[in-house]
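Since the structure comes first, as structure tokens, the remarks are kept for the end.
Throughout, read-outs are computed from the coordinates displayed, never taken from laboratory work. Treat the numbers as computed from the prediction; the structure is a model and nothing was measured. Heads up, the Cβs are rebuilt from the backbone with ideal geometry, glycines too, and the neighbour counts pull from every protein chain shown.
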Amino acid sequence: MALLTLVRHGQASFLKENYDKLSELGERQARLLGEYWIRTKTAFDQVYHGPACRHLRTGEIVADVYREAGLPWPEPVVVPEVDEYPGIAVVRTFLPGLLETHEEIRALEAEYRQAQEQTAAFRTYDKIFARITRMWVDGELDSPDLESWKSFCSRIDRGIQTIRDNAGNSKRIVVFTSGGVIAASARLALDLAPQRTLEMSWTSRNASYTELVSTPERLWLSSFNNHPHLEDEDLLTYR
């Protein structure tokens with residue numbers, strides 16, 4: 001039996017030119033996670049990263065904290081299959097056509113462009129994102145240039161299975177990845193429907209961790225969205 005700890009990356013650069021980069025706050029969140037694990041004497045036998053820069057950087061910061069404390073940290077292995085679903089690409093691909101056919105989305109896009117404050121813009125973009133990704137998950141939107149929801153879930157199944165197959169005698173394994181991957185992994189344990197899985201992907205805090213108990217036969221969800229290391233409310237972010 002092994003405990004798989006899935007870490008959502010620290011805050012990235014939402015709505016910036018390069019989203020796939022930790023913000024200053026995201027780097028702090030990752031460091032606090034490493035410091036918390038050291039205080040609680042948490043050690044890992046294996047470390048995996050998703051392929052995105054935000055995954056790699058979150059893992060690197062935690063590793064640096066361990067090494068600075070003189071503690072061992074396993075050599076990480078990149079697993080390409082545990083990358084996030086193409087949410088931003090889905091919105092960019094389908095939004096232009098949906099603006100012509102869906103009045104609700106057209107109104108939200110106008111509200112987004114007219115927003116005077118960043119918080120209001122983020123809130124409106126989230127509504128657009130949720131509306132379009134829901135349609136994509138239901139198979140209403142499709143493009144040969146984009147991964148489908150079904151293909152995404154199959155990819156996550158393969159990635160998690162690879163990690164489980166390589167666990168050997170390891171008792172604790174950590175995987176640095178994204179919220180969608182964590183939700184799709186929890187879906188394996190809970191048999192969640194597609195829309196429920198998508199909703200779950202929106203609830204993970206940045207730099208939070210979720211625990212899955214793995215045996216050769218199955219997965220159990222042990223805990224979800226843990227963030228005891230983020231004690232200040234200002235450290236709690238979703239984006």
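Using alpha carbons only, how many degrees (0 to 90, rounded to 10) separate the axis of helix 87-101 from the longest principal axis of the chain?
Once rounded, the angle reads 10 degrees.
If Rh is defined by the Kirkwood formula over all Cα pairs and Rg also comes from Cα, what ratio Rg/Rh do you get for region 1-118?
Ratio of gyration radius to Kirkwood radius: 1.12.
How large is the translational diffusion coefficient of region 1-68 in µm² per second when you combine the Kirkwood radius over alpha carbon pairs with Stokes-Einstein at 10 °C and 1.306 mPa s?
In µm²/s, the coefficient is 127.
For helix 24-39, report the angle its Cα long axis makes with the longest principal axis of the Cα atoms of the chain; keep it between 0 and 90° and round to the nearest 10°.
30
Kindly provide log₁₀ I(q)/I(0) values, in the same order as q = 0.11, 0.13, 0.22 Å⁻¹, from the Debye equation applied to equal alpha-carbon scatterers of region 137-239.
For region 137-239 at q = 0.11, 0.13, 0.22 Å⁻¹, log10 I(q)/I(0) is -0.38, -0.53, -1.23.
Over region 87-137, what is the mean sequence separation of C-alpha contacts under 8 Å (at least six apart), divided by residue count, expressed as relative contact order in percent?
On the way: 34 pairs, mean separation 22.9, N = 51.
Over region 87-137, the number comes to 45 percent.
Let me know the whole percent of all Cα-Cα pairs from region 87-137 that are separated by more than 12 Å.
Values: 763 of 1275 pairs.
Distances greater than 12 Å cover 60 percent of the Cα pairs.
Cut-off 14 Å, label point 7 angstrom out along Cα-to-Cβ of Asp45: give me the residues of region 65-93 whose amide nitrogen falls inside.
Answer for this model: 74.
In whole angstrom, how far apart do the alpha carbon centroids of region 183-239 and region 143-161 sit?
Using only Cα atoms to place each centre, the spacing works out to 18 Å.
So if each residue of separation counts as 0.36 nm, and I subtract the Cα-Cα distance between Met1 and Arg164, what length gain in nm does that give?
57.7 nm
Sort 201-211, 44-54, 73-83 by the packing proxy (mean of other Cβ within 10 Å over each peptide's residues), most packed first. Write out the running numbers ahead of the final one.
Numbers: 201-211: 22.0, 44-54: 20.5, 73-83: 17.5.
The densest-packed peptide leads the list: 201-211, 44-54, 73-83.
Quickly rank 29-37, 161-169, 147-155 as a protection proxy: mean count of other C-beta atoms within 10 Å, highest first.
Ranking the peptides 29-37, 161-169, 147-155 by packing returns 29-37, 147-155, 161-169.
Tell me the Rg and the Dmax, in Å, that the Cα atoms of the chain produce.
Final numbers for Rg and Dmax: 18.2, 59 Å.
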